[in-house]
Amino acid sequence: MCGIIGYIGKRKVIPLLLQGLKRMEYRGYDSSGIALIHDQKFQLYKQKGRIEELEKVLNGTAGDASVGIGHTRWATHGEPSVLNAHPHTSSNGKIALIHNGIIENYSELRKALAKKGYKFQSQTDTETLVHLIQEFYEGDLVNAVLRALRRLEGTYGIAVLHVDEPDRIVVARKGSPLVVGIGEGENFIASDLAAIVEYTRDVIFLEDGELGTVTTDNFHHFNLEESVIKRKVTHIDFNLDQIEKGGYKHFMLKEIMEQPQTLENTMRGRALDDIGEVRLGGLIRRLDELKDAERIMLLACGTSYHSGLVGEYMIEEWARIPVEVEYASEFRYRNPIIPPNTVAIAISQSGETADTLAALREAQARNALGLSIVNTVGSTIARESEGGIYLHAGHEIGVASTKAFTSQVTVLALFALLLAQQRDFPTDKIKEILGELRRIPSLVERILKKDREIFEIAKIFSRASNFLYLARGPNFPVALEGALKLKEISYIHAEGYPAAEMKHGPIALIDRMMPVVFIATRDKTYKKVIANIEEVRSRGGTIIAVVNEDDEEIMELSDYVIRIPSCHPMLMPILTAIPLQLLAYHIANLLGRDVDKPRNLAKSVTVE
Ligand code: F6R
């Protein structure tokens with residue numbers, strides 16, 4: 001995820017910006033850049049890759065500039081490259097801008113600006129904004145920024161410089177964090193406290209819809225309607241490590257907790273529930289092939305494979321196209337049959353998993369159209385696929401994948417609906433499902449409030465040696481995922497099964513010592529799952545059930561219940577995954593495991 005740092009004061013700004021950027025490295029990035037004002041001109045340095053690359057270009061120069069902005073970019077629009085790195089400058093070279101967030105209407109704005117003669121250097125959404133500010137500039141940067149922001153749809157945290165107004169940095173926020181650090185005769189801006197906390201602990205947080213002008217000794221703070229805001233200074237007293245993890249003990253917990261936001265980001269501009277339409281920009285050039293698709297193959301490993309299994313239910317139900325989900329590692333070596341009009345989709349958080357990449361190449365070599373669903377923009381799988389959908393879930397640091405899973409399922413739902421809309425699936429049904437999808441972030445938020453309850457259940461079972469996870473229908477892959485989460489971070493043996501499959505073997509394991517986690521939310525298999533619960537109960541197993549909020553029936557049959565809100569049954573896996581992530585997290589944490597870096601595991605498996 002991108003990072004913003006800015007400074008105005010008396011210090012030499014280059015070392016300060018570089019240090020601030022390094023403090024934000026943990027967020028993940030693929031390029032970086034800084035812009036300084038010196039002698040009424042910009043000095044601009046940008047590099048792809050690590051901040052050390054930027055340092056190499058600067059070659060130890062501290063320079064004399066004492067106002068500047070810096071950015072780490074985590075690509076969303078356009079691959080990681082020097083041209084796409086921030087800061088972006090206006091056509092006349094007088095304005096420099098850094099931006100976190102996504103501008104949704106950038107393509108309309110870009111077209112309009114190009115018609116007026118603005119020259120675009122990059123593929124980014126951000127560059128549109130800097131030209132738009134130039135378009136409105138009439139000698140007052142704040143006014144130009146205000147007018148530009150009023151034309152913008154989407155999210156932003158921005159910092160803007162103008163060479164003719166070198167005594168100020170203009171900042172604004174909507175949906176992307178920004179904080180002003182207050183010093184003496186100097187002020188700081190950042191998207192992340194970690195970038196500035198070593199210089200000041202007195203800060204003012206901007207809220208959505210707010211702007212400000214930061215000068216050496218003042219912060220003028222107002223909103224889009226130009227009403228002045230007087231907000232108290234907050235004193236920060238937690239340490240850097242806590243700040244990087246957003247106050248959470250582990251990145252994994254932070255990533256679980258940020259899912260309402262990441263899910264919102266995943267569907268932004270794509271799920272148009274008001275008109276019942278899905279728009280996926282990365283597939284626009286492939287719509288004809290998708291219309292003719294007769295078979296879909298989903299290729300992935302681990303958690304991504306589990307999201308593929310959920311996708312299978314959705315695509316077959318809504319688009320009525322046969323789907324095969326394959327472990328990428330098996331697919332690549334089994335001489336697969338790929339008939340004409342097959343679309344193969346590699347699903348990968350990192351976009352670098354060796355087996356998934358090899359499976360994608362294998363499918364393409366056998367004439368399938370190779371697409372991808374990836375989180376990391378510009379990763380190898382994203383580059384080698386012929387179209388795709390990014391998750392926009394932000395950098396995932398915890399080795400155990402959490403937010404990527406729920407975003408993958410969300411993207412697969414959108415993809416399934418896109419296929420369905422090409423096949424005359426009724427628009428009012430698409431509308432209804434998209435409406436349900438739009439509710440998901442707030443429902444996830446409600447589930448996250450159960451954290452304490454889930455922690456109490458975790459305390460009871462943290463010493464268990466085995467766990468069984470059972471579910472049916474689209475929740476069955478979540479049972480697999482719940483078991484995977486638990487085993488990888490707690491080292492407790494856990495297995496996931498389709499609930500009905502239990503009596504074909506695993507039922508032999510059931511006794512008093514075996515906790516069985518059931519996902520038993522209401523859908524067409526609900527009654528069947530109750531029967532499976534009865535089977536476990538009658539053999540003395542202990543039942544932990546994830547149920548709908550208003551369910552009384554299963555309450556009677558279970559030892560512990562976790563109640564969650566309901567939504568469209570096909571979308572329930574996004575919700576049912578959350579309590580299982582929390583359960584695994586708390587058990588692992590209670591056992592004192594190294595949650596973010598479990599033994600023997602790597603975040604990105606780039607070997608076979
Ligand atoms: C489990 C986990 C792994 C990954 C798998 C594939 O929590 O993270 O199972 O899902 O290694 O990785 P990606 O999605 O990066 O291809």
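The values are calculated or read from the model by the stated rules, or taken from the named source; none is laboratory data. Keep in mind that what you see is a predicted model, and the values were worked out from it rather than measured. Virtual Cβ from ideal backbone geometry, glycine too; neighbours counted across all protein chains shown. Protein only, heavy atoms only, side chains kept; ligands, DNA and RNA dropped before computing areas. Shrake-Rupley method; radii C 1.70, N 1.55, O 1.52, S 1.80 Å.
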Worksheet item: Can you give the Rg and Dmax of the stretch 379-429 based on its C-alpha atoms, in angstrom?
Response: 14.0, 41
Worksheet, complete the sentence: Given 20 °C, 1.002 mPa s and a Kirkwood radius over Cα pairs, the Stokes-Einstein diffusion coefficient of the stretch 450-608 in µm²/s is 137 µm²/s
Discussion item. Report for the chain the percent antiparallel among DSSP-assigned beta bridges with both residues inside it, nearest 5.
Written reply: 60 percent
Item to complete: Give, as a single signed number, the net charge of other residues whose beta carbon lies under 11 Å from the beta carbon of Thr124, with Lys and Arg counted +1 and Asp and Glu -1.
Response: -1
Worksheet item: Just how much of Ile381 is accessible, in Å², when a 1.4 Å probe is used and the result is rounded to the nearest 10?
Response: 0 Å²
Discussion item. With n ≥ 4 as the cut-off for DSSP H runs, can you work out [θ] at 222 nm for the chain, using -39500 (n - 2.57) per run divided by the number of residues, rounded to the nearest 500?
Written reply: -11000 deg cm²/dmol
Response to the item:
For the chain, whose charge dipole is built from +1 on Lys and Arg Cβ atoms and -1 on Asp and Glu Cβ atoms, the candidate among Ile574, Leu434, Leu54 with its Cα farthest towards the positive end is Leu54
Discussion item. On a 1.4 Å probe surface of the protein chains, which of Met513, Met252 comes out largest in accessible area, and what is the full order?
Written reply: Met513, Met252
Practice prompt. Express in nm, to one decimal, how much length is gained between Glu324 and Met555 on full extension, taking 0.36 nm for each residue of separation and deducting their alpha carbon distance.
Written response: 79.6 nm
Worksheet item: Any idea what the alpha-carbon Rg over 2.2 N^0.38 Å comes to for the stretch 504-560?
Response: 1.07
Worksheet item: Any idea what Rg and Dmax come out to for the chain if you just take the C-alpha atoms, in Å?
Response: 25.3, 82
Item to complete: Express the C-alpha Rg of the stretch 205-307 as a ratio against the empirical globular expectation 2.2 N^0.38 Å, rounded to two decimals.
Response: 1.72
Worksheet, complete the sentence: Measure of exposure for Glu79: accessible area at 1.4 Å probe, Å² rounded to 10, is 90 Å²
Worksheet item: Roughly what % antiparallel, to the nearest 5, for the DSSP beta bridges in the stretch 245-447?
Response: 10 percent
Worksheet item: Expressed as a whole percent, how much of the Cα-Cα distance distribution for the stretch 3-238 exceeds 22 Å?
Response: 46 percent
Worksheet item: Dipole of the chain (Lys/Arg Cβ +1, Asp/Glu Cβ -1, origin at the Cα centre): which of Phe467, Val409, Leu299 lies farthest to the positive side?
Response: Leu299
Worksheet item: Could you sort Asp208, Asp424 by accessible area so the largest value comes first, with the probe set to 1.4 Å?
Response: Asp424, Asp208
Worksheet item: Hey, which of these cross-link pairs are over 29 Å Cα-Cα: Lys48/Lys291; Lys450/Lys597; Lys56/Lys116?
Response: Lys48/Lys291; Lys56/Lys116
Discussion item. Are there any GluC sites (Glu not before Pro) in the stretch 271-312 that are in a DSSP loop and have at most 14 other Cβ atoms within 10 Å? List them by number.
Written reply: Glu294
Worksheet item: Carbon and sulfur: what percent of the stretch 450-608's accessible surface (1.4 Å probe)?
Response: 51 percent
Practice prompt. Heavy atoms only, probe 1.4 angstrom, no DNA, RNA or ligands counted: give me Phe136, Phe331 ranked by accessible area, highest first.
Written response: Phe136, Phe331
Worksheet item: Taking Cα centroids, how far is the stretch 53-75 from the stretch 517-548 in Å?
Response: 58 Å
Discussion item. How much of the pair distance distribution for the stretch 245-447 lies past 28 Å, counting alpha-carbon pairs only, in percent?
Written reply: 23 percent
Worksheet entry | chymotrypsin sites (Phe, Trp or Tyr not before Pro) within the stretch 215-294: DSSP coil, no more than 12 neighbouring Cβ in 10 Å | Phe238
Item to complete: Give the accessible surface of the stretch 3-238 per residue, rounded to a whole number of Å², with probe radius 1.4 Å and ligands, DNA and RNA excluded.
Response: 40 Å²
Worksheet item: Using 7 Å Cα-to-Cβ label points, what is the Glu501/Glu225 separation (nm, one decimal)?
Response: 5.7 nm
Worksheet, complete the sentence: A 1.4 Å probe over the protein heavy atoms gives the stretch 1-45 a carbon and sulfur accessible-area percentage of 49 percent
Item to complete: Run a plain Debye calculation on the stretch 125-196 (Cα atoms as equal point scatterers, no solvent) and give log10 I(q)/I(0) at q = 0.16 Å⁻¹, rounded to two decimals, same order as the q list.
Response: -0.60
Practice prompt. Work out, step by step, the length gained on full extension between Arg268 and Asp164: first 0.36 nm times the residue separation, then minus their alpha carbon distance; give nm to one decimal.
Written response: 33.8 nm
